[in-house]
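A.B. asks: One structure coming up, written as structure tokens, with questions to follow.
The values are calculated or read from the model by the stated rules, or taken from the named source; none is laboratory data. None of these values were measured; they are calculated from a predicted model. Reconstructed Cβ throughout: ideal geometry from the backbone, glycine too, with neighbour counts over all protein chains shown.
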Amino acid sequence: MGVLCLGRASVSGQRPAAGIFGFAWRAAAAERRLESRFLTLPSAAKARDAHAFLTAEPHVAGSPRDRVLAEWVRDRWREYGLERVEIVEHQVLLPYAVEAQVEMLSPSRWKATLKEEAVPGDPFSARDVGIAYHAYSASGEVTAPVVYAGSGNPEDYDRLAHQGVDVAHKIVLVHYSVPYSYRGFKALTAEQRGAAAILIYSDPADDGFKKGATYPKGPWGPDSHIQRGGIVYDFRVPGDPLTPGWASEPGARRIKPGDAVSLPKIISVPLSWRDARPILEAVRGGGQATVHLRVRNDDMVRPIWTVIGRITGTAAPDQLVIVGNHRDAWVYGGVDPSSGTASLMELSRAIGALARRGARPRRTMMFASWDAEEFSLTSSTEWGEQHARELTDHAVAYLNVDSAASGPDFTAAAVPSLNRLVTESVRDVFGAKASEGEIVRNRLGSGSDYTVFLNFLGVPIVDLTFEGPYGVYHSAYDNHLWVQKFGDPGFLHQAAMARAWGVMALRLANADVVPLDYRATADRVRQFVNETLDAAGPAQTPVLGPLTPAVDRFAAAASAAAARLDRLLAGDAVDRQAAARLDRALMNTERAFLDPGGLPGRPWYRHTLFAPMPTYAPEVLPGVTESLATPDRARLETQVSHLVRALDRGAAALRAESGFGFPAGR
């Protein structure tokens, strides 16, 4: 998928065309009038003010400032007219760093600062923001030789082994990757290769001076910027590592940390380029360096706070359209996540204003401010597990924005059934002349709060952002001033995000029939199957053979459902009972893709079409894809069978307007 670059004129909103998918003609006209009112409400100035408040202080998950912001969101939502606004607390494993030391002992003595330098004109960067650390690193102390292992991927270790270099019991030094590769994958790979510890640094070739001017003169990271972050193995199971698959509610059972498959057993520390360079220079050209490394984390269970608010629907109040963004940040969170939080506040303010003036949605709109996303997608996962039954029965879709704006390039990821909603909304809001393939990406991994909705609950999702050069990720330089200078001057894209996000949410909430089009899903799955057949080769073709007719059956059912929807919306009056039955069929279809037993080795991930790789990168048809990488033919046959059954369940759901159930949780 390409990116859609929007200029200043286009982000201010455009006059939409006629006709909206999911709406009868008369309802579409009313929706257009409502959207015209809505599009005038999000304000760049108000987004700027909210952003300045959100980023005024560091607010790591579970901290006092994080609680202050949770209460601020709650209070604003009540002012905006949202209903049933509440703060939901979960007690989760949330380790803070007590100590982190990196000291080179030979060939010369030198100690890493593990601090970021102040830059001219930015008072935020001069503050003490605490220890830079990797959440869920093992605590411990080690003195060992250092081995440089490139980007820390398996092929880097294979190359070292071919050269006769053994990393067992050594400290490996690796750099962060662009395109992004999750730091937890680097930690797991080092752990599996027997390393005693891992140091991960920011390379200027990826996000620093080799890319262009550095902050404060440009958007790229200064030499001392440090990418903090979690290294938990949440590609196995996200959320609280001690309650895998169930919510961290009061009295919940907790497993022992040693039994938690998502907790690393390796010591890990993030480094800036400035701190990494002396070690790199010592080992360059086959040289040797010995480093002493010490990490102590407190491994405490702490409270985190999810804020939830609603605007109750008038016609189908039990159906839920959910929008969400996480609130916690590694430091100030200028882009990640406060640009998204500012957009969420403008979205909720605008929707609340419409509701107070009598323009209430047909379905209930739910607003969520998540916490501890930066640790392990934690509060969204715990809340989703806690409310699994309600969400399985009633959730229409979840629309996620993590970082709203680090630049001008709009991108969207979505399940294919929501392609048409996203594409039409973007065209109408921005006046963009772009195709579906240029706007929406349908390969879904992980790394944000949509994960529990898609992979555990089978709820259709969309993930939205504006992107651009962004070299200060998870550092103290990712603050209000960086966003003001580089990420979103004028805060226009944060307001634009509120408009696009809001139009998508309003259309889902007000449509006569939920706007899910599974013909696009059939097309994408056929593409995925054909790619799998090409990659597998002739020897595996007989085993994979049942997939093609299963896609054909699903495609036929999707086309029939689309025809029923068209007939239902063709007249001026909509048969509400028939619409409700079709709603249920369409909502159940994504659930049908869930395998109750989950993926082999990671049963929390249940979606048969999408899952994250350990890098967070997307993996399609994951059960089949992962089985093809093993010599186990029986496992492959089983996973093909599971995928065929999932597609047939989806086809049955589309055909059976009387309803189709799928169990929530296990």
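A.B. asks: Among the residues of the stretch 35-69, how many are in a helix (DSSP H, G or I) and within 27 Å of LEU508 (Cα to Cα)?
C.D. replies: Step one: filter the stretch 35-69 for residues in a helix (DSSP H, G or I), giving 35-39, 44-54, 64-69.
Then keep just the ones that are within 27 Å of LEU508 (Cα to Cα); that gives 35-39, 44, 46-47, 50.
Number of matching residues: 9.
A.B. asks: When you check ALA187 against the structure, is it buried (at least 24 other Cβ atoms within 10 Å of the Cβ), in contact (Cβ under 8 Å) with a residue 12 or more places away in the chain and within 17 Å of GLU374 (Cα to Cα), yes or no? Step through it out loud before you land on a result.
C.D. replies: On the way: buried (at least 24 other Cβ atoms within 10 Å of the Cβ): yes; in contact (Cβ under 8 Å) with a residue 12 or more places away in the chain: yes; within 17 Å of GLU374 (Cα to Cα): yes.
The answer is yes for ALA187.
A.B. asks: Residue under question is ALA558, and the condition is that it be within 28 Å of ARG584 (Cα to Cα) and among the aliphatic types (A, V, I, L, M); does it hold?
C.D. replies: On the way: within 28 Å of ARG584 (Cα to Cα): yes; among the aliphatic types (A, V, I, L, M): yes.
Answer is yes for this residue.
Conditions tested, residue by residue: (1) surrounded by 17 or more Cβ atoms within 10 Å (Cβ to Cβ); (2) closer than 23 Å to TRP25 by Cα.
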position	(1), (2)
PHE554	yes, no
ARG567	no, yes
ALA578	no, yes
LEU582	yes, yes
ALA585	yes, yes
GLY601	no, no
VAL624	yes, no
THR638	no, no
ALA652	yes, no
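A.B. asks: State the number of residues belonging to the stretch 249-276 that are free of Cβ contacts under 8 Å to residues at least 40 places away in the same chain and either in contact with a His (Cβ under 7 Å, 6 or more places away or on another chain) or not in a loop (DSSP other than H, G, I, E, B) (or both).
C.D. replies: Matching residues across the stretch 249-276 total 2.
A.B. asks: Then there's this: Select from the stretch 120-163 the residues that are in contact (Cβ under 8 Å) with a residue 24 or more places away in the chain and aliphatic (A, V, I, L, M) and list them in ascending order.
C.D. replies: Filtering the stretch 120-163 for residues in contact (Cβ under 8 Å) with a residue 24 or more places away in the chain gives 120-122, 124-125, 127, 129-154, 157.
Passing the criteria: VAL129, ILE131, ALA132, ALA135, ALA138, VAL142, ALA144, VAL146, VAL147, ALA149.
A.B. asks: Mind listing just one residue for me: the one in the stretch 516-546 that is in a loop (DSSP other than H, G, I, E, B) and surrounded by fewer than 24 Cβ atoms within 10 Å (Cβ to Cβ) and, of those, modelled with the lowest pLDDT? So that I can check it myself, show each step before the final result.
C.D. replies: Looking only at the stretch 516-546, we keep the residues that are in a loop (DSSP other than H, G, I, E, B), and these are 516-517, 537, 545-546.
The next check asks that each one be surrounded by fewer than 24 Cβ atoms within 10 Å (Cβ to Cβ); those that pass are 517, 537, 545-546.
Working: ASP517: 98, GLY537: 85, GLY545: 96, PRO546: 97.
The selected residue is GLY537.
A.B. asks: Can you tell me which of (1) crowded, with 24+ Cβ neighbours inside 10 Å; (2) touching a residue at least 60 places away in the same chain (Cβ under 8 Å) is the one PRO204 doesn't meet?
C.D. replies: (1)
A.B. asks: Take the residues in the stretch 607-620 that are buried (at least 24 other Cβ atoms within 10 Å of the Cβ) and assigned to a loop (DSSP other than H, G, I, E, B), then tell me which one is nearest to the chain's Cα centre (by Cα).
C.D. replies: LEU609
A.B. asks: Let me ask you something else. Test of understanding: among PRO614, PRO618, PRO663, which residue is assigned by TED's automatic domain parsing to the domain that holds LEU544, at pLDDT below 95 and farther than 19 Å from ASP552 by Cβ?
C.D. replies: On the way: PRO618 fails: at pLDDT below 95; PRO663 fails: assigned by TED's automatic domain parsing to the domain that holds LEU544.
Result: PRO614 is the single residue among PRO614, PRO618, PRO663 that is assigned by TED's automatic domain parsing to the domain that holds LEU544, at pLDDT below 95 and farther than 19 Å from ASP552 by Cβ.
A.B. asks: Within the stretch 256-290, which residues are within 26 Å of the chain's Cα centre (by Cα) and either of a type in the set (A, V, I, L, M, F, W, C) or not assigned by TED's automatic domain parsing to the domain that holds ILE131 (or both)?
C.D. replies: Across the stretch 256-290, the qualifying residues are ALA260, VAL261, LEU263, ILE266, ILE267, VAL269, LEU271.
A.B. asks: What single numbered condition from (1) within 30 Å of VAL307 (Cβ to Cβ); (2) part of a strand (DSSP E or B) fails to hold for GLU141?
C.D. replies: It is condition (1) that GLU141 fails.
A.B. asks: Residue check, GLU390 against (1) more than 28 Å from ALA585 (Cβ to Cβ); (2) acidic (Asp, Glu); (3) touching a Leu at 6+ places or on another chain (Cβ under 9 Å), all met but one. Which one?
C.D. replies: All conditions pass for GLU390, except number (1).
A.B. asks: OK, next. Just one of ARG427, ARG349, ARG389, ARG356 is out of contact with any strand residue (DSSP E or B) (no Cβ under 9 Å at 6 or more places or on another chain), surrounded by fewer than 24 Cβ atoms within 10 Å (Cβ to Cβ) and closer than 30 Å to TYR477 by Cα; which is it? Working first, answer last.
C.D. replies: On the way: ARG427 fails: closer than 30 Å to TYR477 by Cα; ARG389 fails: closer than 30 Å to TYR477 by Cα; ARG356 fails: closer than 30 Å to TYR477 by Cα.
Only one candidate passes the filter, namely ARG349.
Let's see how each residue does on (1) assigned by TED's automatic domain parsing to the domain that holds GLY245; (2) at pLDDT below 95; (3) in a strand (DSSP E or B):
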| position | (1), (2), (3) |
| --- | --- |
| TRP72 | no, no, no |
| ARG76 | no, no, no |
| GLU89 | no, no, yes |
| LEU105 | yes, no, yes |
| SER108 | yes, no, no |
| ALA118 | yes, no, no |
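A.B. asks: Something else now. Looking only at the stretch 22-39, count every residue that is modelled with pLDDT of 95 or more, surrounded by fewer than 20 Cβ atoms within 10 Å (Cβ to Cβ) and of a type outside the set (A, V, I, L, M) and tell me the total.
C.D. replies: 4
A.B. asks: Sticking with this one: Tell me which of these PRO549 doesn't satisfy, since it passes every other one: (1) surrounded by 14 or more Cβ atoms within 10 Å (Cβ to Cβ); (2) modelled with pLDDT of 95 or more.
C.D. replies: (1)
A.B. asks: Oh, and also: Would you confirm whether or not the stretch 325-336 contains a residue that is basic (Lys, Arg) and out of contact with any His (no Cβ under 9 Å at 6 or more places or on another chain)?
C.D. replies: Start the filter on the stretch 325-336 by keeping residues that are basic (Lys, Arg), which leaves 327.
From what's left, out of contact with any His (no Cβ under 9 Å at 6 or more places or on another chain): none.
Among the residues of the stretch 325-336, not one is basic (Lys, Arg) and out of contact with any His (no Cβ under 9 Å at 6 or more places or on another chain), which makes the answer no.
Residues checked against (1) within 27 Å of TRP330 (Cα to Cα); (2) within 24 Å of the chain's Cα centre (by Cα); (3) assigned to a strand (DSSP E or B):
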residue: VAL129; (1), (2), (3): yes, no, no
residue: VAL165; (1), (2), (3): no, no, no
residue: ALA168; (1), (2), (3): no, no, no
residue: LEU199; (1), (2), (3): yes, no, yes
residue: LYS210; (1), (2), (3): yes, no, no
residue: GLY218; (1), (2), (3): yes, no, no
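A.B. asks: Scan the stretch 72-86 and report the pairs whose first residue is on the phi > 0 side of the Ramachandran plot and whose second residue is assigned to a helix (DSSP H, G or I) and surrounded by 13 or more Cβ atoms within 10 Å (Cβ to Cβ), with Cβ atoms within less than 7 Å and a gap of 6+ or a chain change.
C.D. replies: GLY81/GLY352; GLY81/ALA355
A.B. asks: In this structure, does PRO222 turn out to be crowded, with 21+ Cβ neighbours inside 10 Å, at pLDDT 95 or above and in a loop (DSSP other than H, G, I, E, B)?
C.D. replies: On the way: crowded, with 21+ Cβ neighbours inside 10 Å: yes; at pLDDT 95 or above: yes; in a loop (DSSP other than H, G, I, E, B): yes.
Spelling it out, PRO222 is indeed crowded, with 21+ Cβ neighbours inside 10 Å, at pLDDT 95 or above and in a loop (DSSP other than H, G, I, E, B).
A.B. asks: What single numbered condition from (1) closer than 21 Å to ALA205 by Cβ; (2) surrounded by fewer than 17 Cβ atoms within 10 Å (Cβ to Cβ); (3) among the small types (Gly, Ala, Ser) fails to hold for ALA168?
C.D. replies: (1)
A.B. asks: Look at SER448 and say whether it is hydroxyl-bearing (Ser, Thr, Tyr), farther than 17 Å from ASP402 by Cα and modelled with pLDDT of 95 or more. Give the derivation first.
C.D. replies: On the way: hydroxyl-bearing (Ser, Thr, Tyr): yes; farther than 17 Å from ASP402 by Cα: no; modelled with pLDDT of 95 or more: yes.
So SER448 fails the test.
A.B. asks: Checking the condition at pLDDT 95 or above, on the phi > 0 side of the Ramachandran plot and among the aromatic types (Phe, Trp, Tyr), which residue from PHE466, PHE491, PHE456 passes?
C.D. replies: Details: PHE466 fails: on the phi > 0 side of the Ramachandran plot; PHE456 fails: on the phi > 0 side of the Ramachandran plot.
Answer to the check: PHE491.
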